[in-house]
C-alpha cells in the first residue's frame with residue numbers, strides 16, 4: 001500500500017501548488033477550502049483533507065516528553 | 001482473535017479511511033473497495049480477494065511474512081519507515097524531525113491500547129508505550145466488543161481486535177515498543 005505525507009499549500013491559482021520535502025507538486029482539485037500555509041493530504045490526484053497542525057505538534061510533544 | 005480476512009479488511013479499511021493510504025487509487029475506486037471491506041466485516045459477505053490480491057501479495061513479499069499478523073504486527077513497521085523515506089526523499093530519522101511527517105510515522109503502524117472508555121461504536125484507548133496518548137477509535141460493526149481494561153490493537157482511527165489473551169502478544173508488543181523507542185531516539189539525534 002502507498003503512504004502519503006502531508007504537503008504544504010504554497011500557491012493557490014488555477015492549480016494548487018504544494019511543497020514537499022525536496023520538490024513541488026501541483027494538484028488541480030481540492031475537496032476542501034484552503035489558504036496558503038495549510039497542510040493537506042492528496043489521494044488519487046485530489047486534495048481530500050487538511051491536516052490539523054495542532055494534532056501533529058501534540059504527537060511530537062507526547063513523543064518528546 | 002478474529003478471522004484473518006476480517007482483520008485484513010479492517011486494517012485496509014482503516015488505512016484508506018485515514019486518507020493517507022491508497023493514494024494511487026481513484027477516489028471512487030477507493031470508496032468501492034472500502035464498502036466491500038466494511039460489508040465483509042459486518043456480515044461476512046463477499047471478501048474482495050480479487051481487489052486486494054496484489055496488495056496482499058505485496059504486503060507479504062515486502063517483509064517475507066508467513067501470516068497476516070506477522071505482517072500487521074511485525075513487518076509493517078519497516079514498511080512504514082521505507083515508505084516515509086521514499087516519499088520524503090530523506091532517511092527516516094531526518095524525515096520525522098518534521099511534525100507533519102511524524103504524524104503518519106506514529107499513526108500508520110498499528111498500536112496497542114488499554115481501553116479506558118467503551119461504547120458500542122467507539123472506544124478510547126491509552127497507548128501502551130506512549131502513556132499520554134489517548135485516542136478515540138471507531139469500532140466497525142461486526143468486530144469484537146472491547147470492554148474497559150481490555151488490551152486491543154488499533155490502526156489509524158480504528159479498533160482492530162482484542163489481543164490481551166494472545167500467547168504471541170509479548171513478541172508483537174516488543175516490536176511496537178522498539179519502534180516507539182526508535183522514534184524517540186531518532187528525534188533526539
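I want to check the label-to-label distance for residue B:171 and residue B:49. Put each point 7 Å from Cα in the C-beta direction and report it in nm to one decimal.
It works out to 2.6 nm between the two label points.
Given 0.36 nm per residue, what is the gain on full extension from residue A:8 to residue A:55 after removing their alpha carbon distance, in nm?
The residue A:8-residue A:55 span can extend by a further 15.4 nm.
Looking at chain B, send over the antiparallel percent of its DSSP beta bridges, to the nearest 5.
In chain B, approximately 95 percent of DSSP beta bridges are antiparallel ones.
Between residue B:117 and residue B:68, what's the calculated FRET efficiency when r is the beta-carbon distance and R0 is 25 Å? Round to 0.05.
Calculated transfer efficiency: 0.30.
Between the range B:1-49 and the range B:115-150, what is the separation of their alpha carbon centroids in Å?
20
Which value at 222 nm does chain B reach when only helices count, each DSSP H run of 4 or more adding -39,500 (n - 2.57), with the total divided by all residues and rounded to the nearest 500 deg cm²/dmol?
Roughly -15500 deg cm²/dmol at 222 nm, from the helical runs in chain B.
Would you mind classifying the range B:63-135 by shape? Square roots of the alpha carbon gyration tensor eigenvalues, ordered a ≥ b ≥ c; an a/c under 1.5 is rounded, otherwise it is prolate if a/b is larger than b/c and oblate if not.
oblate
What does the structure give for B:13-24 when I average, per residue, the other chain Cβ atoms found within 10 Å of the residue Cβ?
Mean partner shielding for this stretch: 5.
Under the classification rounded if a/c is under 1.5, otherwise prolate if a/b is larger than b/c and oblate if not, where does chain A fall, given a ≥ b ≥ c as square roots of the Cα gyration tensor eigenvalues?
The shape class here is prolate.
Would you please classify the overall shape of chain B from the alpha carbon gyration tensor, given that a ≥ b ≥ c denote the square roots of the eigenvalues, rounded means a/c under 1.5, and beyond that prolate means a/b larger than b/c while oblate covers the rest?
Taking the square roots of the gyration eigenvalues as a ≥ b ≥ c, chain B is oblate.
Take the alpha-carbon positions of the protein assembly as shown, form their convex hull, and give its projected area averaged over all directions (one quarter of the hull surface) in nm².
13.3
Pulled fully out, how much extra length does the chain show between residue B:35 and residue B:3, if you take 0.36 nm times their separation in residues and subtract their Cα-Cα distance?
That works out to 9.7 nm of additional length.
How much of the DSSP beta bridge set in the range A:7-64 is antiparallel, as a percent to the nearest 5?
Antiparallel bridges make up about 90 percent of those DSSP assigns within the range A:7-64.
Order A:8-14, B:171-177 from most to least packed using the mean count of other Cβ atoms within 10 Å.
For the peptides A:8-14, B:171-177, the packing ranking is B:171-177, A:8-14.
Just counting partner chain Cβ atoms within 10 Å, what average do the residues of peptide B:102-111 show around their Cβ?
For peptide B:102-111, the averaged partner shielding equals 4.
Sketch the reach of a paramagnetic label on residue B:187 as a point 7 Å from Cα along Cα-to-Cβ, and name the residues of the range A:41-64 whose backbone nitrogen lies under 20 Å away.
Output list for this probe position: A:51-64.
No lab work stands behind these numbers, since they all come straight from the coordinates. Every value quoted in this text rests on a predicted model; they were computed, and no experiment measured them. Note: ideal-geometry Cβ built from the backbone for every residue, glycine included; neighbour counts use all protein chains shown.
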